[in-house]
Structures are given as C-alpha cells and as structure tokens.
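Notes to accompany the following structure.
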Amino acid sequence: MSSDQLNDFDGMKSVRLEAEIPTTRADEEIARSLEYGLEAAPSIKDRTISLFSRGELPHFAGINTFLKAPFLEDVRKVGEYDVAILGEPLDTGTTYRAGTRFGPQGVRRISALYTSYNFELGVDLRESLRIADIGDVFVIPANIEKSFDQIALAVSHVFSSGTFPVLIGGDHSLGYPNIRGIAPHVDGNVGIIHLDRHIDIQETDMDERMHTTPWFHATNIPNAPPSNLVQVGIGGWQVPRAGVKVGRERKTNVISMSDVERLGIEKVAEIALDLAWKNAKAVYLSFDIDSLDAGFVPGTGWPEPGGFTPREALKLVQLIAKEGLCAMEVVEVSPPYDVSDTTALMALRVIVDALATMVYHGKLPRKR
C-alpha cells in the first residue's frame, strides 16, 4: 500500500485534523500553573512544568475534579460555563448491592487518566467548552424523598442557568428527580432515551420509590410523556414483571438486546431518536452502566450478562448525541465492586464521547 492510499484512512485524516485545533486554553492553563504553582526547580529543562501541580499533568497528581476541570465553589456562577459536572452520590434506592454513592468519586478519579482531546473527532473539550465541576449534591442517605428534593432543585438550578448538566450517579432512582429538575424549564415535551438491561418503570419496589422505579414517576410529569420514553437494551433475568406490566399499560417503547442484534446499532439509534424526538423539544439521555455486558462492567449493583459491548454502546451514544441532548446522566457505577476502575472508565468514556460528539455537530455550546 502506498502512502497516498494510506492518507485516505480515518487515522491519517485525524492526524491532519489535529493541526487545526487551537491551543489557546492549554497555553492559558500553563501560564496559570506557573503563576499559582510557581516555577520549577532550575534543573527542569521544560519550563512549562510548574513546582506544584496545577494543570493536567502529571495525570497521577493533583485534585480529582472531572478531567481536572476547575472546581466551582460558588454555584451561583454556574451560568458562566457551558457544561457543569454534578455528582449525585445517592444509593438509598439500591435493592441489592449498595456502593453507587461512591460513583462520582470513582469517575472523577479515573478521569485524571484522560486528556481533553479526542483523536477520532478532532475535538479538544478544553478548547471548545467551558467546563466546571460543581461538586456533589448534599443528599440525605436515610431519606430518599428528601434526597430527591435536593437533587431536583440542584439540577433545576444548573439547567435554568443555561448550562448543560452532566449528572453522575448514584443509583438509577436519580432518573426521576433529574427529569423533575429539567422538565419545568422545557417549553414542550421532553423525550428520554434510556439505555439499560432493566425496565425500571414499576411504581414501587418493596413499598418505596427505588432504582427500579424512576420512569414510572418521571413519565407522570406532564411534559415527559411515556410515548417519548425509549428503553434500549432491555432483557435477561432481572426485568421485574411489575415493570413490564406498567410499560405495557403506558405503551412505552422497549427495544430489547435481541432487537439490537437483529437491527444493528445504526437502525436502533434511528428508531430511538425518531420516537424520543416525536413532538418533543428536548431529549435526555439516561445511561445505566449495566446496559453493558457484565464482563465489561463488574462495578455495578445489578450486573447482567448479554448486554452491549463497549464499542456498541459508545457508537449508540454518539449517534444519539449528534442530534443534541438537553442533559445526560450516567448511573449505577459502584466502585466497591469495580476491578481496576474499568467500570468507572467506561462511564467516563460515555460522558466525554457524548460531549465531544455534540461539539463536533454544533450542539454544544448551547445557544443561550
């Protein structure tokens, strides 16, 4: 093969595309690191290195905000940013293995491994977006309803400020308060694309609202109708019949893993987008990490074999995100059960792929 033929490969196109990305904010970060972190010892030849770590490098040092984005202590200023990272460390709604309260910490910790640049898309999030990590909602571990009130109010504050919320859980009961915080600020219907192995739409579980119930209560919100709820990847031995009954009664849209196998990722994305966006003004992405095959994501409360491979899940997320999202959640990462941070890393990858895809297709930053 000649070098000219190789130039048509996606890899070589990405190599050329990198030259077009500015380094403005990276240069500003270096200058800020040298100012606040002091100049390095005289023996250090690379004078962009500071004495105290205040930037991206080294990846193993520094304070673990998401992608080492600035921590915004004054959340009244969240509207000055394009994207806000918001932790929701709630696992009061788990029905078997607890531990997802540590999900936000786990995702932040492994995010130090990443740069802000995506090779395939030629997008550098640091150069394209103003991202702030605003920390975690103060949840009440012994009271799920008070926690829902806290979360809904926090999400409402971020979303109404014109900032794109990235919501890191926590268990999947969070889907309900998250939608509750967003829906009042959307002038029209909100569609929900829900990637999961579990249907999560029964009314109660053990007499309470739990992580098996978010979509029953979310679709009670007048502008989040069940007709715009699309659930993808459902299947296996952990789909309670009580939830299946509600889905049938409410006529929600369920796409199983066997449907995904038969139709392919591209067709499933097309169907999901068509249903979620029908007569809707915005679409919300709910990504449950256990939508992947349990072999890839051991660190979750409800592992189930037979789900997506990582490549399939990321492709589906990218196809959904290219049409634009109003917000997104990634839930059910449980670091106490994780192995080598692989589950948290997958959650991180879902988030950054969705953000980069929206940047690439002009959906972020949002017009205010």
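Every number in this text was worked out from the coordinates using simple rules, so none of it is lab data. All values reported here derive from a predicted model rather than from experimental measurement. Cβ coordinates were reconstructed from backbone atoms using ideal geometry, including for glycine residues, and neighbour counts include every protein chain displayed.
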Whole-Hz Karplus couplings 3J(HN,Hα) for segment 231-248, θ = phi - 60° and coefficients 6.51, -1.76, 1.60, Gly and Pro as x, run 10, 10, x, 5, x, x, 10, 10, 10, x, 4, 4, x, 4, 4, 5, x, 5
For residue 267, counting only lysines whose alpha-carbon sits under 30 Å away and dropping same-chain residues fewer than eight positions off, the answer is 13, 245, 251, 278, 281, 315, 322, 363, 367
quick note, the chain, DSSP beta bridge pairs, % antiparallel (nearest 5) is 10 percent
Which of [x] 156; [y] 246; [z] 188 is the computed volume of the Cα convex hull per residue in Å³? It is [x]
Given unit charges at Cβ for Lys, Arg (+) and Asp, Glu (-), the dipole magnitude of segment 148-255 about its Cα centre in debye, nearest 20, is 340 debye
For residue 23, placing the label point 7 angstrom along Cα-to-beta-carbon and taking segment 30-49, residues whose amide nitrogen sits under 16 Å are 30-34, 46-49
Residue by residue through segment 148-159, the couplings from Karplus 6.51 cos²θ - 1.76 cosθ + 1.60 with θ = phi - 60°, in Hz, x for Gly and Pro, are 4, 4, 4, 5, 4, 5, 5, 5, 4, 4, 5, 5
Exposure proxy check on 71, 9, 148: fewest-to-most Cβ neighbours within 10 Å is 9, 71, 148
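Over the Cα atoms of segment 222-306, what is the Rg over Rh ratio if Rh follows Kirkwood?
Numbers: Rg = 13.6 Å, Rh = 14.1 Å.
Rg/Rh for segment 222-306 comes to 0.97.
How would 277, 215 line up from fewest to most surrounding beta-carbon atoms within 10 angstrom?
Numbers: 277 18, 215 29.
Ascending Cβ contact count within 10 Å gives the list 277, 215.
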Hull volume per residue for segment 95-187, using the convex hull of the C-alpha atoms, in Å³ is 139 Å³
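Between Rg and the Kirkwood Rh of segment 1-60, both from Cα atoms, what is the Rg to Rh ratio?
Numbers: Rg = 17.5 Å, Rh = 14.1 Å.
Taking Rh as the inverse mean 1/r over Cα pairs, Rg/Rh reads 1.24.
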For segment 47-96, whose charge dipole is built from +1 on Lys and Arg Cβ atoms and -1 on Asp and Glu Cβ atoms, the candidate among 58, 72, 92 with its Cα farthest towards the positive end is 58
D (µm²/s, integer) via Stokes-Einstein for segment 139-258, Kirkwood Rh across alpha-carbon pairs, 10 °C, 1.306 mPa s: value 108 µm²/s
P(r) over all Cα-Cα pairs of segment 287-368, 5 Å bins from 0 to the longest distance, whole percent per bin, short to long, reads 3, 17, 26, 22, 15, 10, 6, 2, 0
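Tell me, 304, 127, 88 in order of fewest to most beta-carbon neighbours within 10 Å? Write out the running numbers ahead of the final one.
Working: 304 22, 127 15, 88 28.
Listed from fewest to most nearby Cβ atoms, that is 127, 304, 88.
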